[in-house]
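One structure below.
All of the numbers you see were taken from the coordinates with simple rules; none came from a lab. Given the structure is predicted, the values throughout are model-derived calculations rather than measurements. Neighbour counts run over all protein chains shown; Cβ positions are idealised from the backbone, glycine included.
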Amino acid sequence: MSTPINSYSTSGTDPASGGASIIGAERRLSHGPGPEIMDAATLEGDSVVNSSGEDLAKIEAIMLDVSGGRIAYVVLSFGGYLGLGSKYFAVPWSAFTLDAGEKRFMLGISKDRLESAPGFDKDHWPSMADRTWATQVHAYYNVAPYWDDDLDTARDRRASTPNELTTPGI
């Protein structure tokens, strides 16, 4: 696989996990959410910058692969005025880096490249479950498709039978 579009330091985040990298804050156990676990609703409306600090877009939505149990995409909006005429982009979650120190997401892409990215308008969304479309989007941002991550062993460390999950003391 080629080098991911985001080449920021990960400060301990496992790049093979398929998630966003985290930089800019010491790893710590906190008494609340963040930066490893965050409320997705708090991210909507946040701005996204590139490595030069240039504003690129705003987070509109976080799309879940419900059956896969993963974040699939972050939908960004760019351009327009007061939401009118904005272009939307589905960007793979793994293309982002969280700058926890600055409390913002970074995307290693120029504004021109984002403008040229495959996009859509808010009233005509693509079928995000279509693997052909999704593969093209992941290729554009130079990241591996999230469904190629082998999370089976890391994701389900629970007991293997239903009785072990529901019966106390087993």
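In table form, for the structure just shown:
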quantity: Label point distance in nm, Gln136-Arg113, each placed 7 Å from Cα along Cα→Cβ; calculated: 1.9 nm
quantity: Reference-scaled alpha-carbon Rg (2.2 N^0.38 Å with N residues) for segment 99-142; calculated: 1.42
quantity: Sequence-distant residues sharing a close amide H with Arg104 (under 5 Å, placed H); calculated: Asp99
quantity: Segment Ala41-Trp125, length gained on full extension (0.36 nm per residue, minus Cα span); calculated: 28.2 nm
quantity: Amide H partners (placed H, <5 Å) of Ile22, local residues excluded; calculated: Thr13, Leu98
quantity: Stretch gain in nm, segment Ser67-Ser51, where the contour uses 0.36 nm per residue and the Cα spacing is subtracted; calculated: 2.5 nm
quantity: Cβ crowding within 10 Å averaged over residues, with 50-59, 122-131 ranked highest first; calculated: 50-59, 122-131
